[in-house]
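I have placed the structure first, in the form of structure tokens, so that the comments after it can refer back to it.
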Amino acid sequence: MKIPQGEVRLRLIGAGGHGILLLGNIIGSAAAQFAGIEATMVIAYSPAQRGGWSRADVIVSREPIDFPIFDNPDVLVATTQETYDLEYMNVVSGGLIIYEKDTVTPKPREDVTQLGVEAFKTAINLGFRMSANMVLLGFLNGTLGLLPEDAMMSAIKARVKRRVDVNLKAYMEGVNLAKGVKL
């Protein structure tokens with residue numbers, strides 16, 4: 001699912017604190033700022049005061065984006081069972097679901113590709129659990145080839161405030177986990 005033309009609609013969703021909005025921000029920044037590709041992001045939060053979810057809907061396009069809101073993503077990235085359950089049926093037929101393997105049990109859906117990644121475990125092994133979102137980002141980009149690696153790395157350097165070195169390493173671990181994945 002590369003985007004030589006047209007657009008890709010990504011829905012990133014997980015528990016508050018999983019770095020979902022930062023993921024969306026990095027993807028948009030990598031596209032618009034560092035790769036010269038159009039991007040939009042719309043964010044949403046659950047109404048819960050504690051223990052809620054956050055969501056970033058990102059569109060990356062080689063052409064102008066008419067409207068930034070969508071119901072049916074091409075790609076879903078989910079970090080919790082609750083958020084996976086909310087969204088997995090919304091993914092377009094032929095789409096892709098990436099989920100956190102240690103917290104999500106995927107449900108049958110034969111018309112989409114579902115790939116689990118151990119982002120939390122990988123991040124813990126790197127010594128910084130909070131970089132799990134970067135593992136997911138690397139896996140997403142490594143699987144889809146959505147944006148150039150140098151654009152992603154530049155966006156991470158520009159947007160991440162703490163432990164940039166570990167976050168870059170986590171991103172590359174995600175890219176390595178995606179090697180050999182065929183869509």
(message) Looking at the stretch 36-52, can you tell me whether even one residue there is of a type in the set (Lys, Arg) and in contact with a Gly (Cβ under 9 Å, 6 or more places away or on another chain)?
(response) yes
(request) Among the helices (runs of 4 or more DSSP H) lying completely within the stretch 129-183, list those that include at least 1 residues that are without any contact (Cβ under 8 Å) to a residue 24 or more places away in the chain. (result) 149-159, 164-178
(request) Please specify each residue of the stretch 104-122 satisfying the condition of being in a loop (DSSP other than H, G, I, E, B) and either in contact (Cβ under 8 Å) with a residue 40 or more places away in the chain or surrounded by 15 or more Cβ atoms within 10 Å (Cβ to Cβ) (or both). (result) VAL104, PRO106, VAL112, GLU118
(request) Please go through the stretch 90-120 and pick out each residue that is over 17 Å from the mean Cα position of the chain (by Cα) and among the charged types (D, E, K, R). (result) LYS107, ARG109, GLU110, ASP111
(request) Select from the stretch 132-145 the residues that are aliphatic (A, V, I, L, M) and buried (at least 24 other Cβ atoms within 10 Å of the Cβ) and write down the one among them that is nearest to TYR99 (Cα to Cα). (result) LEU136
(request) For the stretch 69-78, indicate whether the set of residues that are out of contact with any His (no Cβ under 6 Å at 6 or more places or on another chain) and within 16 Å of ASN176 (Cβ to Cβ) is non-empty. (result) no
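Values in this text are rule-based calculations from the coordinates and carry no lab data. Values in this document were obtained by computation on a predicted structure and should not be read as measured data. In this analysis, Cβ positions are derived from the backbone assuming ideal geometry, glycine residues included, and neighbour counts consider all displayed protein chains.
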